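Derivation of every value follows stated rules applied to the coordinates shown; laboratory data play no part. Every value quoted in this text rests on a predicted model; they were computed, and no experiment measured them. Heads up, the Cβs are rebuilt from the backbone with ideal geometry, glycines too, and the neighbour counts pull from every protein chain shown.
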Amino acid sequence: MLLLEEQIKIAAQHIQSGRLVAFPTETVYGLGANALDPLAVAKIFEAKERPSFDPLIVHIAVLDQVKQLIRVEDERIALLAKQFWPGPLTIVLPKSDLVPDIVTSGLDTVAVRMPDHDIALALIKTAGCPIAAPSANKFGRISPTKAAHVRKQLSKEVDYILDGGKTTVGIESTIIKLTRSGFRILRNGVISKEDISTLLPFDPTPQTANTEILAPGMIKSHYSPTKMMCIAHPELKIDKQKAGLISFSGSLEQGYRKVIRVSYQNDLKEYAVNIFDAMHQLEDDPEIELIVAEAVKEEGIGIAIMDRLKKAAHDWTS
Ligand code: TXA
Ligand code: MG
């Protein structure tokens, strides 16, 4: 096994040569390519079987890198960066001409974030370019929080995988868009509306399908296992002997074939860390036909957790 430093050098060379590298961030693993190379970015869409209308997040390692990606300077970026970067916050901003249209699916905005992960930051620095990266899963499927999850879905398509162990946040970044009057949330994550509201006013203007059709939250089905999935509720009539439960409180566990407890401390952060791994485990278990997940209150991080669960269960419950 090569030293991590060596692995990062090799991975960076792949990025510089227009190839694809899967790498860990604090949220989920990303499938990265040189964000300024349209042919390299095209390979991401191909590998993921991702529709071309779904734009990518561009990852940077130092705040200065944002300048080349955006059209107008905005002092609110430094304010947000000071508090939340590196970290799981993505900011959608007017894009510069340097950013290829394929990255943004033709939109005039670009989504940017600085991940809070040493390997990701070292990779971006060593490659010497911003890295466009969606989550490293096939489009619509369960997000990867371990290198093994990437291998399961994309081993043929990816040129190199950096293994950084299990990710520490577990669900994707919060995505916000800066508007004239403040910020709007396009995707919920562990950084909540309340956290951001300490710096900027929340803009309550509702998203319209026309202007925000490409926002991540608009796609109702996502994060889906290949098996049936539903959210636990009292009237649920199922054969528990064929079902696996993603358990949070411990109170629903009786009768299930398999139980994966995501937290023993009643801690929503732990639910977020373990949610996708639990879904992967039950998806891979031949004894399980149905995945059931315990619901939580839609407050704080609970909003982001329920968003992932509802989207994962969507195809089976609608
Ligand atoms: O935590 C994360 O954000 C992870 C890690 C790898 O950084 N990335 C991630 O990427 O979740 P992805 O592609 O799975 O989700 C990014 C979402 C997409 O659904 C896309 O619609 C949205 O970001 N997005 C990207 N650019 C956008 C833009 N200019 N306007 C609105 N939404 C945008
Ligand atoms: Mg994704």
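What full-extension length gain, to one decimal in nm, is calculated for Thr179 and Lys166 as 0.36 nm per residue of separation minus the Cα-Cα distance?
Numbers: separation 13, 0.36 × 13 = 4.68 nm, distance 3.48 nm.
Full extension of this stretch gives 1.2 nm more.
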ask   = Viscosity 0.890 mPa s, temperature 25 °C: Stokes-Einstein D of region 3-116 from its Kirkwood Cα radius, in µm² per second?
value = 167
query = Using the 10 angstrom Cβ neighbour count as an exposure proxy, how do Tyr264, Tyr271, Tyr29 rank, fewest first?
reply = Tyr264, Tyr271, Tyr29
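What does the charge count around Phe248 come to, taking other residues whose C-beta lies under 10 Å from its C-beta (Lys +1, Arg +1, Asp -1, Glu -1)?
On the way: positive: Arg261; negative: Asp267, Glu270, Glu294.
Local net charge: -2.
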query = Within a Cβ distance under 13 Å of Pro115, other residues only, what is the Lys/Arg minus Asp/Glu net charge?
reply = -2
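When N counts the residues of region 245-313, how does its alpha-carbon radius of gyration compare numerically with 2.2 N^0.38 Å, as a ratio?
Dividing the Cα radius of gyration by 2.2 N^0.38 Å gives 1.04.
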task = Find the Cα radius of gyration of region 89-138, compare it with 2.2 N^0.38 Å by division, and give the number to two decimals.
result = 1.22
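Once fully extended, how much extra length lies between Gln241 and Ser17, figured as 0.36 nm per residue of separation less the alpha-carbon to alpha-carbon distance?
On the way: separation 224, 0.36 × 224 = 80.64 nm, distance 5.03 nm.
Extra length available between Gln241 and Ser17 comes to 75.6 nm.
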inquiry  = Could you tell me how many cubic angstrom of Cα convex hull volume the chain has per residue?
reply    = 135
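Counting only C-alpha contacts under 8 Å and six or more residues apart, can you give the relative contact order of the chain as a whole percent? Show your work: numbers first, answer last.
Values: 672 pairs, mean separation 60.2, N = 318.
Relative contact order, the chain: 19 percent.
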Distance (nanometres) between label positions extended 7 Å along Cα→Cβ at Phe139 and Asp64 = 3.8
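In nm, what is the difference between 0.36 nm times the number of residues separating Glu289 and Met1 and their Cα-Cα distance?
Numbers: separation 288, 0.36 × 288 = 103.68 nm, distance 3.74 nm.
Roughly 99.9 nm would be gained on extension.
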Built amide H within the under 5 Å cut-off of Arg261, gap 5+ = Ser247
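Starting from the eigenvalues of the Cα gyration tensor, five times each then square-rooted, give me the equivalent ellipsoid semi-axes of region 82-237, largest first, whole Å.
Gyration-tensor ellipsoid for region 82-237: 25, 24, 17 Å.
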request  = Over all alpha-carbon pairs of region 115-181, lay out the pair-distance distribution in 10 Å bins, whole %, shortest bin first.
outcome  = 16, 46, 29, 7, 1
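What is the sum of charges around Ser173, taking Lys and Arg as +1, Asp and Glu as -1, for the other residues whose C-beta is under 11 Å from the C-beta of Ser173? Can you show the working numbers first?
On the way: positive: Arg113, Arg187; negative: Glu26, Asp116, Glu172.
Local charge sum for Ser173: -1.
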key: Spacing of the two label points (7 Å from each Cα toward its C-beta) at Lys9 and Arg261, in nm   = 4.6
ask   = Within region 1-95, which GluC sites (Glu not before Pro) sit in a loop by DSSP and count at most 11 neighbouring Cβ atoms inside 10 Å?
value = Glu49, Glu73
inquiry  = Once you place label points 7 Å from the Cα toward the Cβ at Asp101 and Val72, how far apart are they in nm?
reply    = 2.3
